[in-house]
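Asks: Structure provided below as structure tokens; questions to follow.
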Amino acid sequence: MNSTPSLPPTTRLAFIGGGNMASAIIGGLLRQGLAPTQIDVVEPFEAQRAKLAADFGVQVHAAPSPALAQAQVVVWAVKPQTFQDAARDCAAHTRAALHLSVAAGIRSDSMATWLGTERIVRAMPNTPALVGQGMTGLYARPAASAEDRALVEAVVGTTGRFLWLPQEVDLDAVTALSGSGPAYVFYFLEAMRRAGTEMGLSADTATQLAIGTFAGAAHLAQQASEPPEVLRERVTSKGGTTYAALTALAERGVADAFVAAMHAARGRARELGDEFGG
């Protein structure tokens, strides 16, 4: 696990967008000891504002206001297609802040132009952040100081693990592997449940077996010093049941299709940056 610094006790944060990822981070920050009064959220949808206020007690706003100027860190948790308009509405109030974006695809060059600052860090988290088991890739622009990076680590560290990337273009690959990755796991869980029911198990039994197997295998891989191919070989006896299953997958080109799927996800991340980067 990462060694995560703590936020200074007087830190104020503003979230632009209050959806699932913002909620995951806010929940983590409150568990770390930050007071709800130290967090402002700009969220245009009334029902979501009410939920945020009820769940967390944070201060919610329908639109940007001068109150944003109090934030040392601004977290951008908006959809890529709305980022530019939201940034232009907020920029006058947030130029002194450190900016942390969790929006897929939108490049930091575009953010710097819209926000009028170079203190920008991009993050690509994933949905297990909702249960404190997220995996986040991070990239900081050169103007982000060591102190800025420590602030970011304190924020995203509340949702799970993180790692820093040397170049921004790598975030598109992170999006393809871990950002979209939970959907791949759920996809395979669906397939395993289907197979289990076709072989006579109840859907509940098949689901529990599949989830337990994924969780255990992932934990084993995390603890092991060997690469995945060695772990796979250890449970694959020539002529055995696992060998039969993996042979069937190879004959159908599953590995190649899986790799192609992640290339498609990376390509779409690049397209988002081109399409909505301004």
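Asks: With everything on Cα atoms, drop me the angle between helix 80-94 and the longest principal axis of the chain, reported from 0 to 90° to the nearest 10.
Replies: The helix 80-94 is inclined about 30 degrees to the chain.
Asks: Report the equivalent ellipsoid semi-axes for the chain in whole Å, largest first, defined as the square roots of five times the eigenvalues of the gyration tensor built from alpha carbon atoms.
Replies: The equivalent ellipsoid of the chain has semi-axes of 38, 20, 18 Å.
Asks: Determine the percent antiparallel among the DSSP beta bridges restricted to the stretch 13-168, to the nearest 5.
Replies: 15 percent
Asks: Let me check I've understood the local charge: for Val152, count other residues with C-beta under 12 angstrom from its C-beta, Lys and Arg +1, Asp and Glu -1. What total comes out?
Replies: +1
Asks: Another question, then. Compute the FRET efficiency between Ala217 and Arg268 as 1/(1 + (r/R0)^6), taking r as their Cβ-Cβ distance and R0 = 25 Å, and round to the nearest 0.05.
Replies: The calculated FRET efficiency here is 0.35.
Asks: How high is the relative contact order of the stretch 124-277? Use alpha-carbon pairs under 8 Å, at least six apart in sequence, and give a whole percent.
Replies: Here the relative contact order equals 22 percent.
Asks: Ok, one more. Pull out the extension gain between Ala91 and Asn20, defined as 0.36 nm times the separation in residues minus the alpha carbon to alpha carbon distance; nm, one decimal.
Replies: Contour length minus the Cα-Cα distance gives 23.2 nm.
Asks: Starting from the amide H of Ser101, placed 1.01 Å from N in the peptide plane, find each other amide H under 5 Å away whose residue is 5 or more places distant or on another chain.
Replies: Close amide H contacts, sequence-distant or interchain: Trp76, Val121, Arg122, Ala123.
Asks: With a cut-off of 8 Å between alpha carbons and a minimum separation of six or more residues, what is the relative contact order of the chain in percent?
Replies: Relative contact order of the chain: 17 percent.
Asks: What ³J(HN,Hα) values, in whole Hz, does the Karplus curve 6.51 cos²θ - 1.76 cosθ + 1.60 give for the stretch 101-115 when θ = phi - 60°, with x put for Gly and Pro?
Replies: Whole-Hz 3J(HN,Hα) from phi for the stretch 101-115: 9, 10, 7, 5, x, 6, 7, 5, 4, 5, 4, 4, 5, 5, 9.
Asks: Around Phe15, what is the net charge, scoring Lys/Arg as +1 and Asp/Glu as -1 over all other residues with Cβ under 10 Å from its Cβ?
Replies: Charge balance near Phe15 sits at -2.
Asks: While we're here: Which shape class, rounded, prolate or oblate, goes with the stretch 107-172 when its Cα gyration tensor gives a ≥ b ≥ c as root eigenvalues, a/c under 1.5 marks rounded, and past that a/b bigger than b/c marks prolate?
Replies: Verdict is prolate for the stretch 107-172.
Asks: How high is the relative contact order of the stretch 13-168, in percent, with contacts defined as C-alpha pairs under 8 Å that are six or more residues apart?
Replies: It rounds to 21 percent for the stretch 13-168.
Asks: Out of residues 5 or more away from Ala144 or on other chains, whose amide H comes under 5 Å of its own, with H placed 1.01 Å from N in the peptide plane?
Replies: Here the answer is Ile120, since their amide H atoms fall under 5 Å of that of Ala144.
Asks: Right, another one. Translational diffusion coefficient, Stokes-Einstein: compute it for the stretch 69-141 using the Kirkwood radius over C-alpha pairs as Rh, at 37 °C and 0.692 mPa s, and state it as an integer in µm² s⁻¹.
Replies: 262 µm²/s
Asks: Further, regarding this structure: Would you mind counting up the charge near Val121? Only other residues with Cβ under 9 Å from its Cβ, with Lys and Arg at +1 and Asp and Glu at -1.
Replies: That sum, taken over residues with Cβ under 9 Å, equals +3.
Asks: About the Cα centre, and with charges only on the beta carbon of Lys, Arg (+1) and Asp, Glu (-1), how big is the dipole of the chain? Nearest 20 debye, please.
Replies: Rounded to the nearest 20 debye, it is 260 debye.
Asks: Continuing with this model, one more query. Quick one: helix 46-56 against the long Cα principal axis of the chain, what's the angle to the nearest 10°, folded into 0 to 90?
Replies: Approximately 80 degrees, to the nearest 10.
Asks: Next question. So what are the ³J(HN,Hα) numbers for the stretch 198-204, from phi and the Karplus equation (6.51, -1.76, 1.60; θ = phi - 60°), rounded to whole Hz, Gly and Pro as x?
Replies: My calculation for the stretch 198-204 gives 5, 8, x, 7, 6, 4, 5 Hz in order.
Asks: If you line up the Cα atoms of the stretch 181-273 on their principal axes, what length do they span on each, largest first, in Å?
Replies: 45, 32, 30
Asks: Follow-up. State whether the stretch 1-140 is rounded, prolate or oblate according to the following rule on the C-alpha gyration tensor (a ≥ b ≥ c being the square roots of its eigenvalues): a/c under 1.5 gives rounded; otherwise a/b larger than b/c gives prolate, and the remaining case gives oblate.
Replies: Verdict is rounded for the stretch 1-140.
FYI, it's all coordinate maths here, none of it is from the lab. Keep in mind that what you see is a predicted model, and the values were worked out from it rather than measured. Glycine gets a Cβ as well: all are built from the backbone with ideal geometry, and neighbour counts include every protein chain shown.
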